[in-house]
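The values are calculated or read from the model by the stated rules, or taken from the named source; none is laboratory data. Worth saying up front: this structure is predicted, and the values here are computed from it rather than measured. For neighbour counting, all protein chains shown are included, and Cβ atoms are generated from backbone atoms with ideal geometry for every residue, glycine included. Side chains included, ligands, DNA and RNA excluded: accessible areas come from the protein's heavy atoms. Shrake-Rupley method; radii C 1.70, N 1.55, O 1.52, S 1.80 Å.
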Amino acid sequence: MISFLICLIILIVGYFTYGKFVDNVFAPDDRETPAVAINDGVDYVVMPQGKLFLVQLLNIAGLGPIFGAITGAEWGPVVYLWITFGTIFAGAVHDYLSGMLSERENGASISEVTGDYLGQTMKNIMRVFAVILLIMTGTVFAVGPAGLLKTLFANSGVQGGILVNATFWLALILIYYFIATFIPIDKIIGRIYPVFGICLIIMAIGVGCGTLFKQGGNMPELFTHFYNMHPKGKAIWSYMFITVACGACSGFHSTQSPLMARCLKSERQGHFVFYGAMVAEGIIALIWAAAANTWYDKAALLEAGGGNSTTVYSMCTQTMGGVGVVLAMLGVIACPITSGDTAFRSARYTIADWFKIDMGSTKNRFLLTLPVLGIGAILGFGQTFGVLDYNVIWNYFAWSNQTLAMLVLWAGAVYLHKNGKNDKIAVVPATFMSAVTFTYFMMAKETMGKIPALLDNHAVSYPCGIIFAAVCLYLFTSKMKAFDKQNAKA
């Protein structure tokens, strides 16, 4: 319990200290924001700061900080360190830079922003990569809550019927996603997200307090369990860092930040909206990781499949009882739904920016929304009917998600350096994430691990990850030195 509380305090203090330091490095000013300058009544709409924070939080807080954190507890309390320090020094920096860079470029989608700093070739790659990632994310965040709703009604005593049919809930969610992707951002997202936000906050408080007051004495401490507790001995590096993505550092968040970058009234809101929302998500992830460490034996957690609707329901029941569990489950369901709709919306933004399509036109929005949601529906129902494997989709999402985070951090580093700012706040986490993603790529079963000789081969993957990170750092350094020399001559 002590180590959990210490990490919680560090997260809160980190927002006010390192978060403010990052904000000062970027140096927001009083320039006119895109929401004020463009204000098209569809995607560019001025929103109050409190609403911006809640919408950003719900945009980024999908299944990741809940399912991912619970699964991360299979490694034991060491997961607290990644959630805490990953949030402060990597994830929140990533979210802040992606939001503020988008704001500085008229609310451009992350593929356009990243390409501007990493080159035209990377821009084209990022456009395709981002659209695929967003549609995969939207699909994951449609199938997941459909399963949660099915579980909720099945466990409440409903016998048969559409309420315990995941296909029904998936169809309903996809219909909602279509509407939310199509209409102006302030009509649904801007109005109902604050309500969902309250549910999410109460859920986190309920699970956290229920765990502390009921079983706090049984919570394993970091200083007595500072080792790999995974029942199958799965390596911490880099499996845990990929598994607990959204609760520490997530590339998906950079696809969401432009939504709020188009709604800021002032640049000075960025610290609270972008950095603050990520810290709040880190706290949510920390609570779920602590709850899983407390209520589940590691072998039992692994056998239960880690983070999923069953384990979430079980912990909600044990921490909050009958009435509380409904509220808690609704909070958990709201998380992925409110990330899924904005994932598809971001896919629309990305394609529109790519092909310069006017989104002020109702016809254009409809013609773009239809195929985006159509592909999501094919993937979602494919999972429901057993044609596609949800776990495979999630595994590819997890790796591609962290790869995007790496690229965005490098783009942020380039921006900071070229503008005479302290680039180390982005260079250090970018280098770290480069090592994490490439190590995982070299040994995971869904990537290079398909080759039997490379599956979990640490003797190969670890050196490869280090070398890749070193190469990335060298390329960045050499490019920036060339830039500095050219500027000096000019």
remark   = Taking Rh as the Kirkwood radius computed over alpha-carbon pairs of the chain and applying Stokes-Einstein at 4 °C with viscosity 1.567 mPa s, one gets a diffusion coefficient in µm² s⁻¹ of 58 µm²/s
request  = Report the extension gain between Val158 and Leu172 in nm, rounded to one decimal, defined as 0.36 nm multiplied by the number of residues separating them, less their alpha carbon distance.
outcome  = 3.2 nm
request  = Could you tell me, in Å, what Rg and Dmax come out for the Cα atoms of segment 198-323?
outcome  = 16.9, 50
task = Compare the peptides 421-430, 114-123 by average per-residue count of other Cβ atoms within 10 angstrom and give them in order, highest first.
result = 421-430, 114-123
remark   = Rounded to one decimal in nm, the spacing of the 7 Å Cα→Cβ label points at Thr224 and Ile132 is 4.7 nm
request  = Once you've got the Cα coordinates, tell me which of Lys232/Lys445; Lys51/Lys356; Lys418/Lys485; Lys20/Lys424; Lys150/Lys232; Lys20/Lys265 are over 23 Å apart.
outcome  = Lys51/Lys356; Lys150/Lys232
query = Using mean Cβ contacts within 10 Å as the protection proxy, how do 299-305, 59-65, 234-240 order, highest first?
reply = 59-65, 234-240, 299-305
inquiry  = Using each residue's phi in segment 473-483, evaluate 6.51 cos²θ - 1.76 cosθ + 1.60 at θ = phi - 60° and report the 3J(HN,Hα) Karplus result to the nearest Hz, with x for Gly and Pro.
reply    = 5, 5, 4, 4, 4, 5, 5, 6, 5, 5, 5
query = Where only protein heavy atoms count, and the probe is 1.4 Å, what is the accessible area per residue for the chain in Å²?
reply = 37 Å²
query = R0 = 45 Å: FRET efficiency of Ala299 with Ile125, Cβ-based, nearest 0.05?
reply = 0.60
Label-point gap, in nm, between Asp29 and Ile188 - each point 7 angstrom along Cα→Cβ = 3.9 nm
remark   = Counting only protein heavy atoms and leaving out ligands, DNA and RNA, the solvent-accessible surface of Val436 at a 1.4 Å probe, in Å² to the nearest 10, equals 0 Å²
task = Please give the net charge around Ala413, taking every other residue with its beta carbon less than 11 angstrom from that of Ala413, where Lys and Arg add +1 and Asp and Glu add -1.
result = +3
query = When all protein chains stay in place, what accessible area (Å², nearest 10, 1.4 Å probe) is found for Ile135?
reply = 10 Å²
query = To the nearest 20 debye, what is the magnitude of the charge dipole of the chain about its Cα centre, counting +1 on the Cβ of each Lys and Arg and -1 on the Cβ of each Asp and Glu?
reply = 460 debye
message = Restricting to DSSP H runs of at least four residues, report the calculated mean residue ellipticity at 222 nm for the chain, -39500 (n - 2.57) per run over all residues, nearest 500 deg cm²/dmol.
response = -23500 deg cm²/dmol
Cβ-placed point charges (K, R +1; D, E -1), dipole of segment 412-479 about Cα centre in debye, nearest 20 = 260 debye
ask   = Where the centroid of each part is defined by its Cα atoms, how far is segment 10-27 from segment 182-258 in Å?
value = 20 Å
ask   = Carbon and sulfur together cover what percent of the accessible area of the chain at a 1.4 Å probe radius?
value = 67 percent
key: Exposure of Leu475 as accessible area (Å², to 10), given a probe of 1.4 Å and all protein chains   = 90 Å²
